[in-house]
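Worksheet for the structure shown next.
What follows draws every value from the coordinates through simple rules; no lab data is involved. For clarity, every value in this text was computed on a predicted model and none was experimentally measured. Cβ sites come from the backbone with ideal geometry, for glycine too, and all protein chains shown count toward neighbours.
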Amino acid sequence: MDLNRTFFVTTVCWQRVPFFKNAGKAELLMEVLEHYQQEQKYALHEFVIMPDHLHVLITPAEDLSLERTLQLIKGGFSYRVGKLERKRGLVWQESFTNHHVRDEDDYEGHALYIRTNPVRAGLVERAEDYPYSSASVRRKRSA
């Protein structure tokens, strides 16, 4: 992992609409995240899809900027959901916030924040029980 290119990123749904309360849309975003990771556009270390926002701990590919990486994720999802629903509409706020990960402690702190976000929000009692996160995905893969 290249901490020089690793970021904690948050991007929010348009007007904080809880777009991802819909399981199908949350699962579609998980497919998009996996698709671009398989295409080696980035290394996705941790993620959580909350009802109205997304957190990722991500390292873009050497030839991609962080901005382009988020454009792939957000645009890829918006395109796919638009095709499914046969309508266009805003899904995401235009921008995103990011924090450049400084060191291993900073990385671990943000990873823990992502994994426990659904617990803090009262959505589940245990991080592993939230289906739209890397905490849950890891549990399923090891089972």
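In table form, for the structure just shown:
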| item | result |
| --- | --- |
| Difference of contour (0.36 nm per residue) and Cα-Cα distance, residue 79 to residue 34 | 14.6 nm |
| Aspartates and glutamates whose Cα lies under 18 Å from that of residue 21, excluding same-chain neighbours fewer than 8 positions away | 31, 52, 85, 125, 128, 129 |
| Of the DSSP H helices in the chain, those whose Cα atoms cover at least 15 Å axially and whose Kyte score averages -1.0 or more | 23-38, 66-85 |
| Gyration tensor (Cα) of the chain, equivalent ellipsoid semi-axes in angstrom | 22, 19, 14 |
| Pairwise centroid distance, computed over Cα atoms, of segment 112-127 with segment 29-56, Å | 17 Å |
| Near-label residues of segment 14-50 by backbone N, under 20 Å of a point 7 Å along Cα→Cβ of residue 124 | 18-35, 44-50 |
